[in-house]
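The values are calculated or read from the model by the stated rules, or taken from the named source; none is laboratory data. In this text, all values refer to a predicted model and were calculated from it rather than measured experimentally. FYI the Cβ positions are ideal-geometry reconstructions off the backbone, even for glycines, and counts take in every protein chain you see. Note: accessible area is taken over every heavy atom of the protein model, side chains too, but ligands, DNA and RNA are not part of it. Shrake-Rupley method; radii C 1.70, N 1.55, O 1.52, S 1.80 Å.
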Amino acid sequence: MTRISGALRSPLTFSVLAGLLIGALFLVGTGADPLTAYGAVLTGALGGDGIGATLTTGTSVLGLALALAIPLRAGLINLGGDGQMVLGGITAAVTGLTSPLPAPLTVALALLAGVAAGAGYAVLAALCENHFGVPLLVSSLLLSYPAVSLASYLARYPLKEPGSSLPQTRALPDGVALPAFGDSTVTLGLVLVVLAAAVYWFTDRRTAVGYEIRMTGLNARFSAYAGVERRGLTLRLMAVSGGLAGLVGAIGVLSFPYRFVDGSLTAPGYTWTGLTAALLAGAAPLGTLVAAFFFAVLQVGGLAMERTTEVPRELTQVLQAIVIVFLAARLRLPGRLLRRRSREREAV
């Protein structure tokens, strides 16, 4: 009962409920029934026709959420998810198109190549901070643009499918694809991402490395005095972060439509949705998983809500923004109140 009471009173629960309440007010203002609209979101995302799309979207959202949550746990912000994901995707496509190995081995090699490409590119951002003093937030974000542009060039020119008007690579050879569950678009990629979440949870809660990461996020100076080497930790965390982002890109290429399509990985905004989920959960492993699924439900269910109530699906993006604003306000307010009371006691 104590845990349930604490969960209900947590800033996370308050923010989500506040976001849903304000979203309901928006719906009332447009003349729509909030219960009908929210019901359409749940039915569209979790019903028989929508659960597959939700799990497919959730694979990418959760993968990026984990990729960004891992450095965020140590107080590091990686905004280069788009570049690392796209570089992983195009590397997987090149590997799949050129590998002479049998199809199953080519799939494994393409996944590893995507992970390596994303990890290597993320490490480059960490080196910019460690050796040149460029803030990680800035270096990771700016390095995304060359990676996205390079992938776009490769998809539009050297690797472009002959005769196609779309900016896409040639289709991968037969059999070079992740196994799917039945006739759905859900693939083995979902299992890989969930396994990554499990490893993150175990590392965070059961290992000394996880403790060092958490302590660095809570107080970087304290962790430095305790012997945690900040530069090395930044390199390792960014490598893992970029590797996960590259894995998401590789999974996207090895799933339908089994090729790299320029813009298909960045247009849905997986990086920013994943960052929102990580922020909402405070980068906690289980919380990140739940938050990522929540946002995947909103993203897929928003289409059903638009069809049912004629309310634009962009309302779900407004809900995400409101949740984060309330979370930030709720987390900062107690600290301000404590400082104010401290000053009042000192004045007395």
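Pairs are defined by a Cβ separation below 7 Å, a sequence spacing of at least 6 or placement on different chains, a first member in the stretch 18-35 that is closer than 15 Å to Thr308 by Cα, and a second member that is in a loop (DSSP other than H, G, I, E, B); the pairs so defined are Leu27/Val311; Thr30/Val311; Ala32/Val311. For the stretch 284-316, filtered to residues that are closer than 27 Å to Leu218 by Cβ and β-branched (Val, Ile, Thr), the residue that is modelled with the lowest pLDDT is Val290.
Do we have Arg313 as farther than 21 Å from Ser144 by Cα, basic (Lys, Arg) and open to solvent by 10 Å² or more (accessible area, probe 1.4 Å) here? When the stated conditions are applied, Arg313 passes them. When each of Gly120, Gly175 is tested for being touching a Gly at 6+ places or on another chain (Cβ under 8 Å) and either open to solvent by less than 60 Å² (accessible area, probe 1.4 Å) or free of Cβ contacts under 8 Å to residues at least 24 places away in the same chain (or both), the lone residue that passes is Gly120. Tally the residues that are in a helix (DSSP H, G or I), surrounded by fewer than 24 Cβ atoms within 10 Å (Cβ to Cβ) and touching a residue at least 40 places away in the same chain (Cβ under 8 Å), restricting the search to the stretch 300-310. The total comes to 6. Within the stretch 259-276, track down each residue that is of a type in the set (A, V, I, L, M, F, W, C) and over 16 Å from Phe293 (Cβ atoms). Of everything in the stretch 259-276, those that are of a type in the set (A, V, I, L, M, F, W, C) and over 16 Å from Phe293 (Cβ atoms) turn out to be Phe260, Val261, Leu265, Ala267, Trp272.
Being in contact (Cβ under 8 Å) with a residue 24 or more places away in the chain and open to solvent by 90 Å² or more (accessible area, probe 1.4 Å) is the filter; apply it to the stretch 143-156 and report the residue that is farthest from the chain's Cα centre (by Cα). Going through the qualifying residues, I end up with Arg156.
Of all the residues in the stretch 242-264, those that are closer than 17 Å to Lys160 by Cα, among the aliphatic types (A, V, I, L, M) and open to solvent by 10 Å² or more (accessible area, probe 1.4 Å) number 1. Among the residues of the stretch 2-18, not a single one is within 18 Å of Gly246 (Cα to Cα) and open to solvent by less than 60 Å² (accessible area, probe 1.4 Å). Would you point out which residue out of Leu159, Leu137 is aliphatic (A, V, I, L, M), more than 19 Å from Leu247 (Cα to Cα), touching a Phe, Trp or Tyr at 6+ places or on another chain (Cβ under 8 Å) and open to solvent by 10 Å² or more (accessible area, probe 1.4 Å)? Unique residue meeting the criteria: Leu159. If I ask for residues that are assigned to a helix (DSSP H, G or I) and of a type in the set (S, T, N, Q), which ones from the stretch 191-242 would you list? The answer is Thr203, Thr216, Ser223, Thr234, Ser241.
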